[in-house]
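Accompanying notes for the structure given below.
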Amino acid sequence: MIRFLMNDQTVSIEQCAPHTTVLEYLRTKAEQRGTKEGCASGDCGACTVVLAEVNEGRLQYRNINSCITLLGSLHGKQLITVEHLKQQGALHPVQQAMVDLHGSQCGFCTPGFIMSMFFLYKNCSQPTRADVEQALAGNLCRCTGYRPIIDAALSLAGQGSNDAFSEKEAQTVSCLQAILTQQPSGSLVDGSRQFLIPTSSDALLQSLTDHPHPEAKLLAGGTDFSLAITQQLQQPEVIIYTGRVAELMQCEETERSIIIGAAVSYSDAESLLHKHFLPFASLLERLGSLQVRNQGTLGGNVANASPIGDTPPVLLALDAVLHLRSPAGREAIPISEFFTGYRQTKLPPAGFIESIEIPLQSERTLCVYKISKRLDDDISAVCAAFSIALKDGVVTDARLGFGGMAATPARALNAEKALIGQPFTELGIVAAQQALSQDFSPIDDVRATGTYRLQVAQNLLLRAVLEHDSEQENSNQIMEVVQYA
């Protein structure tokens, strides 16, 4: 059985197909049809709802795509839909702002925009235009246009976040804590099909041992996994959810590295990455939408082994280490050895990633680039990450990670060798640019041609040099100003 709050009503469900999405449940079972289905793939935002969870005694609100969120993952959370915002006969401030500033025409996308604005309202009392654009980047409008919608969101600045949900926060926290205290784990059953929610690494290992691949599918954020259900109509026999496994939800900072649990969302990992690897954190801002980042995980992106995943190229450049667990025990493996073929890895049978460890590298230059057709919410044609060590302007070590260039995320080993010992200048990188054609033979597909990909990869090396030169020039100018001050 799973238990959650729908607004302020406790819902208990035991018999249900494990592949049921939150959107399907809302529209066909709960008869809450304000939430719309647009793309069923997490792109358009028409299905956006908000989840609230207890974090250090307070409610933490997240907007998510209900079309790719499985119902079982709601255990111990509060589900808020557009129907719930109207309290005691009065529209919520975000709804009233949309009315007052004419932010809706056909209205199909409006519930999703409202819920993303509600998320922003609960998390940012003084939103800037950049905050608004980020919050709404995962919501598509085809008829109203974004100006009045953005105006509506900006009009809420300074109003605070107090509303009926704030007034009920203590009561909601108490209810959610009671659910998880009485029933830490949960499950759904439909004949032989099951949705399992282990709460510890030991329990996760046991679940995988009892239900080995390919019978069982691991679910983290589900931002890719759920597409097999909504687009390919797959019905997995057993789904094992990692979002309640305590050990996989932790982040740790040591003197030599940061360690990110495999089930930590991009949004939760961003602050730690921002502190130590700013270019990596900046990349996350372009990984899907906020709804996707609130659910997607670093561990899931790696285990998925997609050749166009955004994070593996960066982790390759940073020489990250994956900590794995299986019935054979625990082991640490460099990410450079993890990918063995197209969507194939060295993950042991009944195994899983527990955490990703990234060594701290204070004396290296990190450059991260994503090339895609759109700025926001798009898949990479090429993703590149360069970690360069320099001494007196000469490259002493280089790790170049690429995505979209081969069947797996991969390092450009020949280009790395060609860089080492050369000045990090336009002339010094020529050999490395030429060596990229030895490292990769990219294919043509719907996102780019192989020729384009190779040219872009070579150009990104040049871009890294030009940006490094610009930073050095700016640094020297600042030093001169200080000397003359």
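What follows is calculated from the coordinates using simple rules that are stated; it is not laboratory data. Bear in mind the structure is a predicted one, so any value in this text is a computation, not a measurement. Note: ideal-geometry Cβ built from the backbone for every residue, glycine included; neighbour counts use all protein chains shown.
Using only helices, what value at 222 nm comes out for the chain when you add -39,500 (n - 2.57) per DSSP H run of length 4 or more and divide by the total residues, to the nearest 500 deg cm²/dmol? Intermediate results must be reported in sequence, preceding the final value.
Working: 16 runs with 158 residues, N = 485.
Calculated at 222 nm, the ellipticity per residue is -9500 deg cm²/dmol.
Are there GluC sites (Glu not before Pro) in the range 24-78 that DSSP marks as loop and that have at most 15 other Cβ atoms within 10 Å, and which are they?
31, 56
Give the residue list of trypsin sites (Lys or Arg not before Pro) in the range 80-132 that are DSSP loop and have at most 15 other beta-carbon atoms within 10 angstrom. Mind showing how you got there, number by number?
Details: sites: 86, 122, 129; in loops: 86.
Here the trypsin sites (Lys or Arg not before Pro) that fit, given the DSSP loop and packing criteria, are 86.
Which loop GluC sites (Glu not before Pro) in the range 234-295, with loop taken from DSSP, have no more than 12 other Cβ atoms within 10 angstrom of their Cβ?
255
Output the peptides 312-321, 409-418 sorted from most to least packed, where packing is the average of other Cβ atoms within 10 Å over each peptide's residues. Provide the component values of the computation, followed by the final result.
Values: 312-321: 25.7, 409-418: 21.1.
Order by mean packing, descending: 312-321, 409-418.
Obtain the radius of gyration and the Kirkwood radius of the range 93-162 from its C-alpha atoms and give Rg over Rh.
Over the Cα atoms of the range 93-162, Rg/Rh equals 0.92.
Step through the table entries 122/217; 86/275; 36/275; 370/417; 168/275; 86/370, compare each Cα-Cα distance with 29 Å, and write down the pairs that go over it.
Numbers: 122/217 34 Å; 86/275 39 Å; 36/275 38 Å; 370/417 23 Å; 168/275 34 Å; 86/370 41 Å.
Checking Cα-Cα distances, 122/217; 86/275; 36/275; 168/275; 86/370 exceed 29 Å.
Which label marks the calculated value of P(r) over Cα pairs in 10 Å bins from 0, in percent, given the options [x] 4, 19, 27, 25, 16, 7, 1, 0; [y] 4, 18, 29, 29, 16, 4, 0; [z] 4, 21, 33, 27, 12, 2, 0?
The calculated read-out lines up with [x].
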